[in-house]
């Protein structure tokens with residue numbers, strides 16, 4: 001873990017598009033669903049793949065998952081299911097371990113708004129300052 005020269009050479013040897021370089025591999029491999037805490041709550045979140053084996057969590061997982069927005073997880077290379085969005089299929093990868101913790105806490109807030117526009121305004125303002133939020137059921 002962390003031997004980037006060996007990892008880069010192995011991935012290139014398998015034909016994966018990893019550029020030459022030094023230090024930590026940080027490449028945009030797009031987004032994919034990742035099943036965090038696969039042996040427990042098994043929540044599927046969206047994540048940005050930053051190398052063939054690691055992804056940064058883009059959703060705000062539920063507190064029960066033990067994961068947080070922005071964490072980097074190591075995921076399995078073999079897909080275990082798929083998710084379909086707008087007619088496009090995405091492979092789901094299972095988390096193997098936490099690579100880097102996020103400094104941001106995860107909490108649950110229940111907001112009662114008089115109408116959907118107020119709820120949407122609150123949701124948008126909650127994403128300011130490097131934090132994140134997910135809309136759950138009931139917020140337009």
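Laboratory data are not the source of any read-out in this text; all were calculated from the coordinates shown. This structure is a prediction, so every number in the text was calculated from the model and none was measured. Ideal geometry is used to build each Cβ from the backbone, glycine not excepted, and the neighbour counts take in all protein chains shown.
For the reader, a short list of remarks on this structure follows.
- Contour minus Cα-Cα distance for residue 10 and residue 110 (0.36 nm per residue): 31.3 nm
- Long-range tail of P(r) for the range 1-121 (Cα pairs > 26 Å, %): 30 percent
- Relative contact order (%) - criterion: Cα under 8 Å, at least six apart; region: the chain: 17 percent
- All Cα-Cα distances of the range 1-40, cut into 10 Å bins from zero to the largest, leave 25, 40, 30, 5 percent in each bin in turn.
- Value at 222 nm in deg cm²/dmol, rounded to 500, when DSSP H runs of n ≥ 4 in the chain each add -39,500 (n - 2.57): -4000 deg cm²/dmol
- Centre-to-centre, using Cα atoms only, the range 72-112 and the range 1-56 are separated by 13 Å.
- Crossing angle, helix 116-125 versus the chain [Cα axis fit, 0-90 degrees, rounded to tens]: 40 degrees
- Using the Cβ-Cβ distance between residue 120 and residue 48 with R0 set to 22 Å, the FRET efficiency from 1/(1 + (r/R0)^6) comes to roughly 0.35.
- Principal-axis analysis of the Cα atoms of the chain puts helix 4-13 at an angle of about 80° to the longest axis.
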